[in-house]
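Student: Dropping the structure in here first, questions after.
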Amino acid sequence: MTTFLEEIAAKTVKDEKSLANTIYILPSKRAGTFLRNNISKTIGKTSFAPTILSIESFVEMISGLSFATTTHQLFVLYESYLQTFPGEKEDFHSFSKWAQTILQDFNEIDRYLVDSKKIFSHLSRIQEINHWYLQKEKTQMIEDYIQFWENLEPLYIAFNQNLLATGIGHQGMVYRKACDRVHSYLAGKKDKFHVFAGFNALNHAESQIIQAVLSHSNAEIFWDTDPYFIDDPVHDAGYFIRQYRRSWPYLQGKPLKGIQDNFKSEKKIKIIGVPKNVSQVKYIGRLLKEQLPNSTQQNTAVVLGSEDLLNPLLNALPEAMGPINITMGYPLNKTSLSSLFSQYFELYINQNSEGLFYQNLLDFLSHPYIHILLRKDQRNLAALLTEEIKAKNWTFLTPSKIKRLVAKDCDIPDYLFTQAAHAPKQFLESSLEIIGNLKEIFLASKDYLGLEYLYHFYALFNQLLAHLEKYPFINELRSLYSLYNGLIRTETLDFEGEPLQGIQIMGMLESRNLDFETVIITSVNEGILPSGKSNNSFIPYDVKQSFGLPTFKEKDAVYTYHFYRLLQRAKNIYLLYNTEPDVLEGGEKSRLIMQLLTDGEKAEGITEVIASPEISPSKKIVASVTKDKDLMEAIANLAERGISPSSLTNYIRNPMDFYKRSILKIDDTLEVEETVAANTFGTIVHDALEELYLPLVGTYLSEKVLIELKPKIKGVVQSNFTKSYSEGDISRGKNFIAFHVIVRYIENFIQMELEMSKGHQIKIIGLEQTLEMPLKLPVLGYPVLLRGKLDRIDEVDGQLRIIDYKTGRVTGSEVELADWEDVIANYNRSKAFQLLCYALLYQSQHPVGNMEAGIISFKNLNSGTLNFAIKEKGSRNKDTVITSRTLSLFKTYLEKLVLEICDPSIPFTEKPV
């Protein structure tokens, strides 16, 4: 296979032109690297090298202007906006949201040499017609809207003048200026031979410049395309070149140079549908390993339709591969250092008058680089801070409070947490201090990749600091963050390698003018290749057409050309697409694939397959833990310490829960409760009731006593909130509501007691009593203790009652029992099980004849006390009295449950919940 650039080198060297006086102009710098190598091989002797330029460098040289960075353009545009727009001005943060679109439109207007006065006048008149108003007087909003469009031309003029004053310009302006100066450039280059090669979609400025050079100097132009596309009047791959052949005077009556008939040559095309993006790169890894030997890898290109696949692809490549050259840079916003500074920004952007928000602070403290910075004398201060914040339940912390959380001998660096960090300049200075301290650590540990990251961020923050000093309108952190995000999305970490060796990994644009025998293209889906009908512009479609500006039609033609140009000379082609399209990852199979499949010339050589990962179906294995010697020892220790009714109901619900919580002591991770959690809510209710009723133990409840409790409720709830919710804020939001809900719960409960006391004698016997009872099970060989806390013991008209408080909703059916087997087998009867446990515990300490046990549900307070009851099957009759016989029968089932837990032959087995 002879590549396009090899053909150019052969033809231009053969014509015996002086290479030293030859200027090659190509679409990209990368193509220039390959051309220089091909010329070197073709000439076969020592010679002065020709000048090889990208089209942008060539235009920049003609114009005498330098390209302004996007960031610099944004600042100059805002300055111009402040100069030209009347009335109230937007701040920089709000302005930047629409400024990028304006920059893009200004750029296109100049690149396509549009009469700016006409197009802006056209736009403002269109908007005035679109927003006509019935009333004689327009509203202020309509006036402002029309004024915006009328001010676009003054903004454009001021913007261009401000850039030109410093000798720089945006791309369109540089192109327009080059058009004006091209003839003076040619006057000084009469001895030069210009060669244009590999162009396709040219803007009007490029078209005029190239035509001027071709017409007024010694020059040639070579087109990188195929007669198959040019001769087809509707094929988009030849759309632009057909236009030039018709409209350029230079090309009239002349054959197009560089065109070679390659597309009809024999090709093996394989179209592979793969589910999801990561599967595509996994497939490529397997393809490179199994089907492409090292001898063919030298002439292989992997072209990523979506550049987001670069990182997954690098991880999917086989280890035993030869050299790899990556044309694309690694995005700086994908590095771990990027996430550190994003979290640092978020930390201070979300700061308010109360301090730093705990969630942002915990995220920041969890970053690996912060753990490195806060490691002092084998102590991890980041972990200590995290634990302290969770234990204290703080939702907002000031920098001074953070520093007080750790010991005096372990100072936290000031640059991490400072009151001044919310100001842009101080924030950047603190960020640079972080970089400086990390640099020392990385130098010591010889982390060279980390140092490379640091260098790029160091340059980035210094660039921002320079802009800050020059442009005072970035006066708040949110604007700086917006600017930072814009910069970091465009910055890349360049890979170093030999560009002419090994497999080439590149994006679609990097493939211009380059040819490979084997081509692998990913993400050939609608919305990616081609990218679709997005119109990120203030200029409507019909206006663009009228003024010759590019629309989605031209954009599609560009994608089609690049796609088919890659296929032109290739022999082995693999086209991968995602079979599971969605909004974020592109649509269905691309129309480019469908076009290939319906092409009579190529359809026979196409193989179409759907690839999917190998799936080995596996049966769901029920989790099970065999009770070995160590586990039996742990169970015995638990039995000796005491088993609670709630842990036994955990076993009934799911033995694995019992194993994890009661044996392994794996509990929920300590977290900051931004809002009161359900368990904390329950604890506050229990503790508040205990504090209110404790002075009444041993006495009868009277109307007078209960009325006297009511004024104390709020204060008691407040103090118990402080005790249980640590230093959490209850003055607002959901916590404020929770506080008043608890107050209302207790007020309603006391009112219920008040009504009940009018017709009954209620005596409080005990509150929050912890009772223990040994279970005599000789077969085990070790003691078993049942331990539980009874919320309340009282008497109503002489009848003893055991009361359990529940802040959740409980219904009467949950405490009723029809089948005794359910008491240890059905979790739905867990409330009945707990009540019987409490009754048994009390009976063991205070033998009584009969008693009742019930639940007071604060979410179902209207139902009163929900008493445990034995209900006969098929009957509505209920017996709420718990007798010695009832407890004796329950004890039998309780012992059966405990023996099952302690039986070494019965493993802890997962139960579906």
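Student: Output the number of the condition that residue 888 fails; it satisfies all remaining conditions of (1) under 27 Å from residue 761 (Cβ atoms); (2) more than 53 Å from the chain's Cα centre (by Cα); (3) not aliphatic (A, V, I, L, M).
Tutor: Unmet condition: (1).
Student: So, residue 653, is that one basic (Lys, Arg) and under 30 Å from residue 228 (Cα atoms) or not? Write out each step before concluding.
Tutor: Values: basic (Lys, Arg): yes; under 30 Å from residue 228 (Cα atoms): no.
Here the answer is no, as residue 653 does not meet what is asked.
Student: Another question, if that's okay. Looking at 866, 835, can you tell me which residue is under 23 Å from residue 752 (Cα atoms), assigned to a helix (DSSP H, G or I), touching a strand residue (DSSP E or B) at 6+ places or on another chain (Cβ under 6 Å) and assigned by TED's automatic domain parsing to the domain that holds residue 750?
Tutor: Working: 866 fails: assigned to a helix (DSSP H, G or I).
Exactly one residue qualifies, and that residue is 835.
Student: Looking at (1) at pLDDT 95 or above; (2) more than 30 Å from residue 104 (Cα to Cα); (3) β-branched (Val, Ile, Thr), which is the one condition that is false for residue 259?
Tutor: (1)
Student: Please identify the pairs in which a residue from the range 517-536 that is on the phi > 0 side of the Ramachandran plot has its Cβ atom under 9 Å from the Cβ atom of a residue that is part of a strand (DSSP E or B), counting only partners at least 6 apart or on another chain.
Tutor: 523/304; 523/576; 523/577; 523/578
Student: Identify all residues within the range 588-613 that are in a loop (DSSP other than H, G, I, E, B), surrounded by fewer than 14 Cβ atoms within 10 Å (Cβ to Cβ) and hydroxyl-bearing (Ser, Thr, Tyr); write none if there are none.
Tutor: 598, 612
Student: Right, here's the next one. Out of the range 1-40, which residues are among the charged types (D, E, K, R), assigned to a helix (DSSP H, G or I), more than 15 Å from residue 565 (Cβ to Cβ) and touching a residue at least 60 places away in the same chain (Cβ under 8 Å)?
Tutor: The answer is 11, and nothing else.
Student: Can you tell me which of 210, 284, 241 is aliphatic (A, V, I, L, M), surrounded by 18 or more Cβ atoms within 10 Å (Cβ to Cβ), at pLDDT 90 or above and assigned by TED's automatic domain parsing to the domain that holds residue 503?
Tutor: On the way: 210 fails: assigned by TED's automatic domain parsing to the domain that holds residue 503; 241 fails: assigned by TED's automatic domain parsing to the domain that holds residue 503.
When all the criteria are applied, what remains is 284.
Student: Does residue 213 count as free of Cβ contacts under 8 Å to residues at least 12 places away in the same chain, among the aliphatic types (A, V, I, L, M) and either in a helix (DSSP H, G or I) or over 27 Å from residue 19 (Cβ atoms) (or both)?
Tutor: no
Student: Could you check, for the range 532-550, whether at least one of its residues is among the acidic types (Asp, Glu) and outside any loop (DSSP other than H, G, I, E, B)? Before you say what the answer is, go through the steps one by one.
Tutor: Taking the range 532-550 and keeping what is among the acidic types (Asp, Glu), we get 542.
Restricting the remaining residues to those that are outside any loop (DSSP other than H, G, I, E, B) gives 542.
Among the residues of the range 532-550, at least one is among the acidic types (Asp, Glu) and outside any loop (DSSP other than H, G, I, E, B), which makes the answer yes.
Student: Could you list, in sequence order, all residues of the range 489-518 that are aromatic (Phe, Trp, Tyr) and within 27 Å of the chain's Cα centre (by Cα)? Step through it out loud before you land on a result.
Tutor: Of the range 489-518, the ones aromatic (Phe, Trp, Tyr) are 495, 516.
The answer is 495, and nothing else.
Student: For the range 759-784, how many residues are in a loop (DSSP other than H, G, I, E, B) and in contact (Cβ under 8 Å) with a residue 40 or more places away in the chain?
Tutor: Our first condition is that a residue be in a loop (DSSP other than H, G, I, E, B); within the range 759-784, this holds for 759-761, 776-777, 781-783.
If we keep only those that are in contact (Cβ under 8 Å) with a residue 40 or more places away in the chain too, we end up with 761, 777, 782-783.
Total satisfying the criteria: 4.
Residues checked against (1) exposed (fewer than 14 other Cβ atoms within 10 Å of the Cβ); (2) at pLDDT below 90; (3) under 17 Å from residue 75 (Cβ atoms):
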| residue | (1), (2), (3) |
| --- | --- |
| 431 | no, no, no |
| 438 | no, no, no |
| 450 | no, yes, no |
| 454 | no, no, no |
| 457 | no, no, no |
| 472 | yes, yes, yes |
| 482 | no, yes, yes |
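Student: Do you know which of the residues in the range 56-73 that are crowded, with 20+ Cβ neighbours inside 10 Å and either of a type in the set (Val, Ile, Thr) or in a helix (DSSP H, G or I) (or both) is nearest to the chain's Cα centre (by Cα)?
Tutor: Taking the range 56-73 and keeping what is crowded, with 20+ Cβ neighbours inside 10 Å, we get 58-60, 62-63, 65, 68, 73.
Within this subset, residues satisfying the condition of being either of a type in the set (Val, Ile, Thr) or in a helix (DSSP H, G or I) (or both) are 58-60, 62-63, 73.
Working: 58: 40, 59: 40, 60: 39, 62: 44, 63: 43, 73: 29 Å.
Among them, the one singled out is 73.
Student: A follow-up question, please. Look through the range 109-140, keep the residues that are among the charged types (D, E, K, R) and under 15 Å from residue 540 (Cα atoms), and return whichever of them is modelled with the highest pLDDT.
Tutor: Taking the range 109-140 and keeping what is among the charged types (D, E, K, R), we get 110-111, 115, 117-118, 125, 128, 136-138.
Those still in the list that are under 15 Å from residue 540 (Cα atoms) too: 118, 125, 128.
Working: 118: 92, 125: 82, 128: 71.
Among them, the one singled out is 118.
Student: May I ask you to verify whether residue 662 is within 30 Å of residue 777 (Cα to Cα) and of a type outside the set (Asp, Glu)?
Tutor: yes
Student: Among the residues that make up the range 554-570, is at least one of them crowded, with 21+ Cβ neighbours inside 10 Å, under 30 Å from residue 156 (Cβ atoms) and charged (D, E, K, R)?
Tutor: No: zero hits.
Student: Let me ask something additional. Which residue, of 809, 829, 801, 787, is of a type in the set (D, E, K, R), touching a strand residue (DSSP E or B) at 6+ places or on another chain (Cβ under 9 Å) and part of a loop (DSSP other than H, G, I, E, B)?
Tutor: Being of a type in the set (D, E, K, R), touching a strand residue (DSSP E or B) at 6+ places or on another chain (Cβ under 9 Å) and part of a loop (DSSP other than H, G, I, E, B) holds for just one of 809, 829, 801, 787, which is 809.
Student: Also, quick follow-up: Check the range 309-324 and report whether any residue there is within 30 Å of residue 572 (Cα to Cα), over 25 Å from the mean Cα position of the chain (by Cα), crowded, with 18+ Cβ neighbours inside 10 Å and at pLDDT below 90.
Tutor: Checked against the condition, which is being within 30 Å of residue 572 (Cα to Cα), over 25 Å from the mean Cα position of the chain (by Cα), crowded, with 18+ Cβ neighbours inside 10 Å and at pLDDT below 90, the range 309-324 yields at least one hit.
Student: Please pick out the residue among 857, 813, 863, 844 that is hydroxyl-bearing (Ser, Thr, Tyr) and under 20 Å from residue 888 (Cα atoms). Lay out the reasoning, then the answer.
Tutor: Values: 857 fails: under 20 Å from residue 888 (Cα atoms); 813 fails: under 20 Å from residue 888 (Cα atoms); 863 fails: under 20 Å from residue 888 (Cα atoms).
Sole residue among the options that is hydroxyl-bearing (Ser, Thr, Tyr) and under 20 Å from residue 888 (Cα atoms): 844.
Condition check ((1) touching a helix residue (DSSP H, G or I) at 6+ places or on another chain (Cβ under 6 Å); (2) assigned by TED's automatic domain parsing to the domain that holds residue 780; (3) within 29 Å of residue 823 (Cβ to Cβ)) across all residues:
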residue: 619; (1), (2), (3): no, no, no
residue: 624; (1), (2), (3): no, no, yes
residue: 634; (1), (2), (3): yes, yes, yes
residue: 637; (1), (2), (3): no, yes, yes
residue: 641; (1), (2), (3): no, yes, yes
residue: 645; (1), (2), (3): yes, yes, yes
residue: 648; (1), (2), (3): no, yes, yes
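Student: Considering 913, 848, which residue is at pLDDT below 90 and outside the structural domain of residue 662 (by TED's automatic domain parsing)? Break it down into steps so the answer makes sense when it comes.
Tutor: Details: 848 fails: outside the structural domain of residue 662 (by TED's automatic domain parsing).
So the residue among 913, 848 that is at pLDDT below 90 and outside the structural domain of residue 662 (by TED's automatic domain parsing) is 913.
Student: With part of a loop (DSSP other than H, G, I, E, B), in the same structural domain as residue 339 (by TED's automatic domain parsing), among the aliphatic types (A, V, I, L, M) and more than 24 Å from the chain's Cα centre (by Cα) as the only criterion, which of 441, 474 stands out? First the steps, then the outcome.
Tutor: Details: 441 fails: part of a loop (DSSP other than H, G, I, E, B).
Result: 474 is the single residue among 441, 474 that is part of a loop (DSSP other than H, G, I, E, B), in the same structural domain as residue 339 (by TED's automatic domain parsing), among the aliphatic types (A, V, I, L, M) and more than 24 Å from the chain's Cα centre (by Cα).
Student: On to the next question. Quick one: residue 815 ticks every box in (1) in contact with a Leu (Cβ under 6 Å, 6 or more places away or on another chain); (2) among the hydrophobic types (A, V, I, L, M, F, W, C); (3) surrounded by fewer than 21 Cβ atoms within 10 Å (Cβ to Cβ) bar one, so which box is it?
Tutor: Unmet for residue 815, out of (1) in contact with a Leu (Cβ under 6 Å, 6 or more places away or on another chain); (2) among the hydrophobic types (A, V, I, L, M, F, W, C); (3) surrounded by fewer than 21 Cβ atoms within 10 Å (Cβ to Cβ): (3).
Student: Something else: For the range 846-854, state whether one or more residues are of a type in the set (A, V, I, L, M, F, W, C), in contact with a Leu (Cβ under 8 Å, 6 or more places away or on another chain), surrounded by fewer than 15 Cβ atoms within 10 Å (Cβ to Cβ) and not in a helix (DSSP H, G or I).
Tutor: Looking only at the range 846-854, we keep the residues that are of a type in the set (A, V, I, L, M, F, W, C), and these are 848, 851, 853.
Filter once more, keeping what is in contact with a Leu (Cβ under 8 Å, 6 or more places away or on another chain): 848, 851, 853.
Now narrow it down to the ones that are surrounded by fewer than 15 Cβ atoms within 10 Å (Cβ to Cβ): 848.
Right, trim to not in a helix (DSSP H, G or I) and you get 848.
Scanning the range 846-854, I find at least one residue that is of a type in the set (A, V, I, L, M, F, W, C), in contact with a Leu (Cβ under 8 Å, 6 or more places away or on another chain), surrounded by fewer than 15 Cβ atoms within 10 Å (Cβ to Cβ) and not in a helix (DSSP H, G or I), so the answer is yes.
Student: Would you call residue 80 touching a residue at least 24 places away in the same chain (Cβ under 8 Å), small (Gly, Ala, Ser), outside the structural domain of residue 204 (by TED's automatic domain parsing) and not in a loop (DSSP other than H, G, I, E, B)? Steps first, answer last, please.
Tutor: Values: touching a residue at least 24 places away in the same chain (Cβ under 8 Å): yes; small (Gly, Ala, Ser): yes; outside the structural domain of residue 204 (by TED's automatic domain parsing): yes; not in a loop (DSSP other than H, G, I, E, B): yes.
Spelling it out, residue 80 is indeed touching a residue at least 24 places away in the same chain (Cβ under 8 Å), small (Gly, Ala, Ser), outside the structural domain of residue 204 (by TED's automatic domain parsing) and not in a loop (DSSP other than H, G, I, E, B).
Student: Still on this structure, please answer the following. Just to confirm my filter: which helices (runs of 4 or more DSSP H) fall fully inside the range 234-335 and include at least 1 residues that are under 26 Å from residue 500 (Cβ atoms) and in contact with a strand residue (DSSP E or B) (Cβ under 9 Å, 6 or more places away or on another chain)?
Tutor: Details: elements: 239-247, 277-290, 294-297, 310-316.
Qualifying helices (runs of 4 or more DSSP H): 277-290, 294-297, 310-316.
Student: Being under 45 Å from the mean Cα position of the chain (by Cα) and more than 20 Å from residue 912 (Cα to Cα) narrows it down to one of 801, 809, so name that one. Even if it seems obvious, please write down each step before you answer.
Tutor: On the way: 801 fails: under 45 Å from the mean Cα position of the chain (by Cα).
One residue alone meets the criteria, 809.
The values are calculated or read from the model by the stated rules, or taken from the named source; none is laboratory data. From a predicted model like this one, the values you see are computed outputs, not experimental measurements. As a convention, Cβ positions derive from the backbone with ideal geometry for all residues, glycine included, and neighbour counts pool all protein chains shown.
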